Amino acid sequence: KGPSSSHEFQAETRKLLDIVARSLYSEKEVFIRELVSNGSDALEKLRYMQMTDAEISDPDLPLEIDIEVDASKKTFTIQDTGIGMTKEEMIEHLGTIAKSGSKAFLSELSKASEASAKSSIIGQFGVGFYSSFMVSDKVEVFSKSYKPGSVGHKWTSDGQGKFEISEAENVQRGTKIVLHLKMDSHEFCQEDVIKDVTKKYSNFVGAPIYVGGKKANTIQPLWMLDPKDVTEDMHEEFYRFISKSYDRPKYTLQYKADAPLNIRALFYVPDAPMAWEMSRELDAGVMLYSRKVMIMNQAKGVMPKWLRFLRGVVDSEDIPLNLSRELLQDSALIRKLRTVLTNRLVRYFLEQAKKDPEKYKEFYKDYGMYFIEGILNTQDQQEREDIARLLRFESSTKHPGETTSLSEYAERMEAGARTIYYFHAPSRELAETSPYFEAVKEKGHEVLFCFNPYDELVLLTLQQFDKKNLRSIETEMAADQTGTDKIDSSDADSLKQEEADALISWITARMGQKIVKAKITNRLVSHPAVISVMEMGAARHLLKTSLLGRS
Ligand code: ADP
Ligand code: MG
């Protein structure tokens, strides 16, 4: 046995230990996630070495992670059969933070230039190991490097500024970490707790994880697979697993990108929608992962709130694992991720609308309200118009029940026309027999029908689409300058000028303060009269009530 040597933590490390133990993590349990992910990294590195035919010590050990707890000794032990560490590596990797082991390995890797294994190793995690000191007053690390002929070493520290290293016997290849739990962290020597936390964060880690001898991670991370290799049944099982429901997804989108961000994502639209009103308490339906390790369960900020009806996983190795949720939520990285994902999803829904309009119509019936909410809750006109492409309305040029989009309306417009007309009415019949509609129809304009007040409110908010103005035909009527004092004398059925003047005086007298003005119009065909308002009808009431209340 060699002598024990004592080392000081690097000054930054000491500072960091303080921060990590106190504030960086929102929940203590994430130390398990960190240690599991280190074990998983170590196994990936070993696998890479195997691929390059390097000589390896203890070559017959199965590649796995084992977690054991001891309730009487108050210990938590995690062991992997990965790449392990030499004495020097322990000093360097567990004593300093300036140099991330993963980072160093990566540069080794780029020298070796074997492309295949690269992607799964990349990751620049900063402080993971030190999270063990959140729950421990003493940490022991036993490690033996994969290099043939290596000797095992033991690293010990109470996290207070110093660590000891000595040679150790009976160490197998890989790393074993023993945490001596603090008084306030004794729950982490209960197997059930560990099993739950492991499942929660590490269900999709590539290597098998055993807790007390039983496998804890059983589901494949579908989002990492080639879409070609994922069957509909696999999606169904996975969807039910993550959404804890029994329906099957209506839509499934698997999305992969390497630039500007690394993204592996999988989205499902539930077939059985949650009522929009009920869902308003929910922040997000997707989970955020970094290289198969969960960062956040309800990843607020990764998706805009209106897309909370989606279930799924977003995995990006560009996201640092060791950030608190609070910091993550408004980072520039997350914003970028959100923009990329939102654009992709809108595009996906448009593709689906084209591919199978009937199915989209069903989808819209269930989820259209979310789109409307999305438009109402952003101040960004571009974003509004992007989402607005998903909206559907009945139209005066289509049969009842058929719907059309703003883009389609725009395509049908005559060259040079600048206005998209819409009209709120409780039903198609009332819309088509309305004097407002009659006046606009006479001019040959298409009119979109809004049967629910939100439809009208959303168009009112949107104001413009594709450089065209959105205009309610009620407003159109009010702004109409064709109102006159003169009767069209060429029309034989018309009132005489004196009769009309008398009528106007009578109306003005009867209505008093209730109206601004009574005028003659030549635009109505079958209706005798129409009331026009300066602003929108139903939307006025709605503006006062709900929808815009919260974001
Ligand atoms: P990161 O994982 O981001 O590099 P950590 O603090 O989690 O940061 O770990 C620091 C370094 O310690 C790792 O990069 C790695 O070199 C080494 N290390 C930690 N755990 C293990 C392990 N189980 N096996 C081998 N090396 C490990
Ligand atoms: Mg780590």
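The values are calculated or read from the model by the stated rules, or taken from the named source; none is laboratory data. Note that the structure is a prediction, hence the values are computed from the model and not measured. Every residue, glycine among them, receives a Cβ derived from its backbone with ideal geometry; neighbour counts consider all protein chains shown.
Just one of the listed residues (46, 61) is of a type outside the set (Lys, Arg) and closer than 23 Å to residue 320 by Cα, and it is 46. The condition of being buried (at least 17 other Cβ atoms within 10 Å of the Cβ), touching a helix residue (DSSP H, G or I) at 6+ places or on another chain (Cβ under 7 Å) and more than 29 Å from residue 89 (Cβ to Cβ) does not hold for residue 179.
Of all the listed residues (86, 77), the sole one being modelled with pLDDT of 95 or more and either touching a Leu at 6+ places or on another chain (Cβ under 8 Å) or among the basic types (Lys, Arg) (or both) is 77.
For region 75-97, taking the residues that are within 8 Å of ligand 1 (Cβ to nearest atom) and in a loop (DSSP other than H, G, I, E, B), the one that is farthest from residue 5 (Cα to Cα) is identified as 82.
Looking at region 34-55, which of the residues that are charged (D, E, K, R) and within 9 Å of ligand 2 (Cβ to nearest atom) is modelled with the lowest pLDDT? My answer is 34.
Let's see how each residue does on (1) in a helix (DSSP H, G or I); (2) in contact with an Asp or Glu (Cβ under 8 Å, 6 or more places away or on another chain); (3) at pLDDT below 95:
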{"residue": "363", "(1), (2), (3)": "yes, no, no"}
{"residue": "390", "(1), (2), (3)": "no, no, no"}
{"residue": "394", "(1), (2), (3)": "no, yes, no"}
{"residue": "399", "(1), (2), (3)": "no, no, no"}
{"residue": "409", "(1), (2), (3)": "yes, yes, no"}
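Return yes or no: is residue 433 under 21 Å from residue 385 (Cβ atoms) and among the polar types (S, T, N, Q)? Spelling it out, it is not the case that residue 433 is under 21 Å from residue 385 (Cβ atoms) and among the polar types (S, T, N, Q). Here the condition is being touching a Ser or Thr at 6+ places or on another chain (Cβ under 9 Å) and surrounded by 21 or more Cβ atoms within 10 Å (Cβ to Cβ); of 456, 432, 402, it holds for 456 alone. Could you look through region 507-535, keep only residues that are of a type in the set (S, T, N, Q) and outside any loop (DSSP other than H, G, I, E, B), and pick out the one that is modelled with the highest pLDDT? Selected residue: 508. Close Cβ contacts (under 7 Å, 6 or more residues apart or on different chains) running from residues in region 344-367 that are under 17 Å from residue 388 (Cβ atoms) to residues that are assigned to a helix (DSSP H, G or I) and of a type in the set (A, V, I, L, M) comprise 345/307; 346/387; 360/353. Every condition in (1) aliphatic (A, V, I, L, M); (2) surrounded by fewer than 19 Cβ atoms within 10 Å (Cβ to Cβ); (3) within 16 Å of ligand 2 (Cβ to nearest atom) is met by residue 278 except one, and the failing one is (3). Of a type in the set (Gly, Ala, Ser), surrounded by 15 or more Cβ atoms within 10 Å (Cβ to Cβ) and in contact with a helix residue (DSSP H, G or I) (Cβ under 7 Å, 6 or more places away or on another chain): does that describe residue 396? The answer is yes for residue 396.
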